[in-house]
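Undergrad: Right, I'll just put the structure down here and ask away after.
The values are calculated or read from the model by the stated rules, or taken from the named source; none is laboratory data. Note that the structure is predicted; figures quoted are calculated from it, not measured. With ideal geometry, Cβ positions are generated from the backbone for all residues, glycine too; neighbour counts draw on all protein chains shown.
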Amino acid sequence: MAEALHNLESSASYFYPGVLLFGGIVLVAAGLCTWLGGLRWAGAIAAFIGGTVGLIFSYSFLSRGTAAVIVSSLATGGFATLLKKPVIVFFGALAAAAVTWLLFSPPAMHSQALRGPSHYMPRDSEYLGAADTAAALKEEMIFWGAALVHSMRHLSPGGWAAGGAAAVVTLGAAFFFGRLVMAATCALLGAIGIFAGMIALLLFKGAAPLSRISGSTAFFALVLSAMIGFGTMSQLLLCPAPRRKTQNRAEHEGGL
């Protein structure tokens, strides 16, 4: 896996700088908003989750045509916007299961020799074009998605059971502490967005953030956990629950 991360860092030195810079800024900004105020942006976050699911589903099972992918993403994103809370809660349950599955994945899967995709390297210019950079990033996402699926296929029955239990516990907790589960899910998404944006910006500067992260996974996992906890508490304090219509009506009638 370390070799695949090093390959990505080496390839990133040829990526179009504007893609890394602009993409990194957008990811950090969106991550901060989601991390600290996700409960205020529940509709947009649900739309993003639904659109991403639609994109993956269309690309994997239906059609890889641009029009089909766009229509599928817009349809699922729009539907998710109407649901909001259930979409975010189910995503949180899936995230809890995924983290548990990663913890139970065989150690050999973390140290196996993954080289990653080979990207086209420019000869006549210093950097790839924006379109070629986007294509290279697409290949990387497909590669890492396939590596994750491959790792999950080698999970033991105990690992699958633990992941399922984590998802069930998360869903059960949502019935009693819905805002807490939603806030934690938004904090997780925001923290990941911030990490991804900072990685893109560091790659733009020519640094090697992925090698550093892979060499200190325990430390960065602790940092991510602390960020999720802080973001969850911040949302619960800064994003008050919407007042029910019955309460508003009663207060209005009482004022009269």
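Undergrad: Checking Ile194 against (1) in a helix (DSSP H, G or I); (2) over 17 Å from the mean Cα position of the chain (by Cα); (3) not basic (Lys, Arg): exactly one of these is not met. Which one?
TA: (2)
Undergrad: Could you tell me whether Ser156 is closer than 30 Å to Tyr14 by Cα and surrounded by fewer than 19 Cβ atoms within 10 Å (Cβ to Cβ)?
TA: Taking the combined requirement at face value, the residue does not satisfy it.
Undergrad: When you look at Thr133, is it under 18 Å from the mean Cα position of the chain (by Cα) and not in a loop (DSSP other than H, G, I, E, B), yes or no?
TA: So Thr133 fails the test.
Undergrad: Where in segment 1-90 are there helices (runs of 4 or more DSSP H), lying fully within it, with 1 or more residues that are in contact with a strand residue (DSSP E or B) (Cβ under 8 Å, 6 or more places away or on another chain) and either under 20 Å from Ala131 (Cβ atoms) or among the charged types (D, E, K, R) (or both)?
TA: Answer list for segment 1-90: none.
Undergrad: Same structure, new question: Got a number for residues in segment 197-213 being surrounded by fewer than 17 Cβ atoms within 10 Å (Cβ to Cβ) and either part of a helix (DSSP H, G or I) or free of Cβ contacts under 8 Å to residues at least 12 places away in the same chain (or both)?
TA: Summing the residues that are surrounded by fewer than 17 Cβ atoms within 10 Å (Cβ to Cβ) and either part of a helix (DSSP H, G or I) or free of Cβ contacts under 8 Å to residues at least 12 places away in the same chain (or both) in segment 197-213 gives 6.
Undergrad: In contact (Cβ under 8 Å) with a residue 12 or more places away in the chain and surrounded by 18 or more Cβ atoms within 10 Å (Cβ to Cβ): does that describe Thr52?
TA: No.
Undergrad: Which condition from (1) within 17 Å of Leu210 (Cα to Cα); (2) modelled with pLDDT of 75 or more is the one that His110 breaks?
TA: Exception for His110: condition (2).
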